[in-house]
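Below is one structure, written out as structure tokens; the observations come after it.
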Amino acid sequence: MLRGGKVGLRARHEEDIPVLRAELYDDVVNSSRAEGGPWRPISPGSKDPRLVMDEQNERVVPFSVVELDGGTLVGTAALWGIDPHNRCAHIGLGLLPSARGKGYGTDVVAALCHYGFVVRSLHRLQIETLADNTAMLRSAESNGFVREGVLRSSAWVMGEFLDEVLLGLLVEDWKPAARS
Ligand SMILES: CC(C)(COP(=O)(O)OP(=O)(O)OC[C@H]1O[C@@H](n2cnc3c(N)ncnc32)[C@H](O)[C@@H]1OP(=O)(O)O)[C@@H](O)C(=O)NCCC(=O)NCCS
């Protein structure tokens, strides 16, 4: 398990799937804002890659996020679009509604940076998020990500085009948080 200050990132367990489906992916507004595509319902037993790990796909590493104190599932996180030639990847995360606003998002980004830079020897990590997603922007910037640009009207979200912000962090600019 990857350990942050408050949360850990571990493999997806079978029992995580119904919780993530019900509390995260069945939420039309949250999914539409976070997924970069149209919401579609996920059936029980589905092998949707957001829920079920595809071990053949080396470009994505999904994690379940749990509280270090007690092990309660609080969300999902992933390194995706891993490009071993250019040594870069994207970061994605989503917390259950009850787990938001407690510092976990900032902690998850720190753990994903550790995984990307230290475990995978990547050189650059990238995040794209909606321009009004203050919690995601702050979680990224607290870990050293800088805004590299605005993708104007790049995301169709629930009836309107919204801007996205592109943030990047290079390994030489990364200041690792103290780890437990
Ligand atoms: C985005 C998300 C991962 C952030 O995680 P979080 O645990 O809620 O964020 P944190 O508690 O670590 O807070 C980070 C910062 O954002 C601020 N913040 C938190 N919630 C906020 C809100 N609703 N509005 C404005 N600011 C907020 C915090 O005060 C903190 O600011 P600081 O660094 O200046 O102290 C989480 O809210 C989430 O899963 N949201 C829904 C899915 C999503 O948007 N995923 C990202 C898609 S790119």
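In summary, MET53 fulfils each of the numbered conditions (1) within 16 Å of the ligand (Cβ to nearest atom); (2) in a loop (DSSP other than H, G, I, E, B); (3) surrounded by 14 or more Cβ atoms within 10 Å (Cβ to Cβ); (4) not hydroxyl-bearing (Ser, Thr, Tyr) with the single exception of condition (1). What are the residues in the stretch 123-135 that are touching a helix residue (DSSP H, G or I) at 6+ places or on another chain (Cβ under 7 Å), aliphatic (A, V, I, L, M) and closer than 19 Å to LEU162 by Cβ, if any? Once the filter is applied, which keeps residues that are touching a helix residue (DSSP H, G or I) at 6+ places or on another chain (Cβ under 7 Å), aliphatic (A, V, I, L, M) and closer than 19 Å to LEU162 by Cβ, the stretch 123-135 yields ILE127, LEU130, ALA135. GLY70 falls short of the stated requirement of being modelled with pLDDT of 95 or more, in a loop (DSSP other than H, G, I, E, B) and within 13 Å of the ligand (Cβ to nearest atom). Residues being charged (D, E, K, R) and in a loop (DSSP other than H, G, I, E, B) are represented in the stretch 57-65 by at least one member.
Mind checking whether some residue in the stretch 26-42 is loosely packed, with under 13 Cβ neighbours inside 10 Å, away from the ligand (no atom under 16 Å from the Cβ) and outside any strand (DSSP E or B)? Full working, then the answer.
Going residue by residue through the stretch 26-42, those that are loosely packed, with under 13 Cβ neighbours inside 10 Å are 29, 37-38, 40-41.
Still in the list and also away from the ligand (no atom under 16 Å from the Cβ): 40-41.
From the residues that got through so far, the ones that are outside any strand (DSSP E or B) too are 40-41.
The answer is yes, given that some residue of the stretch 26-42 is loosely packed, with under 13 Cβ neighbours inside 10 Å, away from the ligand (no atom under 16 Å from the Cβ) and outside any strand (DSSP E or B).
Just a yes or no: is a residue in the stretch 144-163 more than 10 Å from the ligand (Cβ to nearest atom), within 25 Å of ARG3 (Cβ to Cβ) and free of Cβ contacts under 8 Å to residues at least 60 places away in the same chain? Yes, the stretch 144-163 contains a residue that is more than 10 Å from the ligand (Cβ to nearest atom), within 25 Å of ARG3 (Cβ to Cβ) and free of Cβ contacts under 8 Å to residues at least 60 places away in the same chain. Applying the criterion of being more than 17 Å from LEU125 (Cα to Cα) and of a type in the set (D, E, K, R) to the residues of the stretch 138-180, the residue that is farthest from the chain's Cα centre (by Cα) is GLU160.
Hey, could you check the stretch 74-93 for residues that are small (Gly, Ala, Ser) and within 13 Å of ILE127 (Cα to Cα) and say which is nearest to the ligand (Cβ to nearest atom)? Please lay out each step first, then the result.
Applying the first criterion (small (Gly, Ala, Ser)) to the stretch 74-93 yields 75, 77-78, 81, 89, 92.
If we keep only those that are within 13 Å of ILE127 (Cα to Cα) too, we end up with 77-78, 81, 89, 92.
Working: ALA77: 9, ALA78: 11, GLY81: 13, ALA89: 14, GLY92: 6 Å.
Selected residue: GLY92.
Quick check on my filter: what residues within the stretch 23-44 are of a type outside the set (Lys, Arg) and over 13 Å from LEU96 (Cα atoms)? I'd like the intermediate steps shown before the answer.
We begin by selecting, within the stretch 23-44, every residue of a type outside the set (Lys, Arg); these are 23-32, 34-39, 41-44.
Passing the criteria: VAL28, VAL29, SER32, GLU35, GLY36, GLY37, PRO38, TRP39, PRO41, ILE42, SER43, PRO44.
Can you find, within the stretch 56-67, the residue that is modelled with the lowest pLDDT among those that are more than 16 Å from the ligand (Cβ to nearest atom) and not aliphatic (A, V, I, L, M)? Step by step, filter the stretch 56-67, then rank; the result is GLN56.
Within the stretch 142-174, track down each residue that is assigned to a loop (DSSP other than H, G, I, E, B), hydrophobic (A, V, I, L, M, F, W, C) and over 22 Å from VAL29 (Cα atoms). Break it down stepwise before answering.
As a first pass, look at the stretch 142-174 and keep what is assigned to a loop (DSSP other than H, G, I, E, B): 142-145, 158-159, 174.
Subsequent filtering for residues that are hydrophobic (A, V, I, L, M, F, W, C) retains 145, 158, 174.
Hits for the stretch 142-174 are PHE145, TRP174.
Within the stretch 85-98, if we keep just the residues that are part of a loop (DSSP other than H, G, I, E, B) and in contact (Cβ under 8 Å) with a residue 24 or more places away in the chain, the residue that is nearest to LEU9 (Cα to Cα) turns out to be LEU96. Residues that are in a helix (DSSP H, G or I), surrounded by fewer than 20 Cβ atoms within 10 Å (Cβ to Cβ) and near the ligand (Cβ under 8 Å from one of its atoms) within the stretch 107-141 comprise THR134, ALA135, LEU137, ARG138, GLU141, listed in sequence order.
The values are calculated or read from the model by the stated rules, or taken from the named source; none is laboratory data. Just so it is clear, the model here is predicted, and its values are computed rather than measured. Here Cβ is always computed from backbone atoms with ideal geometry, including for glycine, and neighbour counts include all displayed protein chains.
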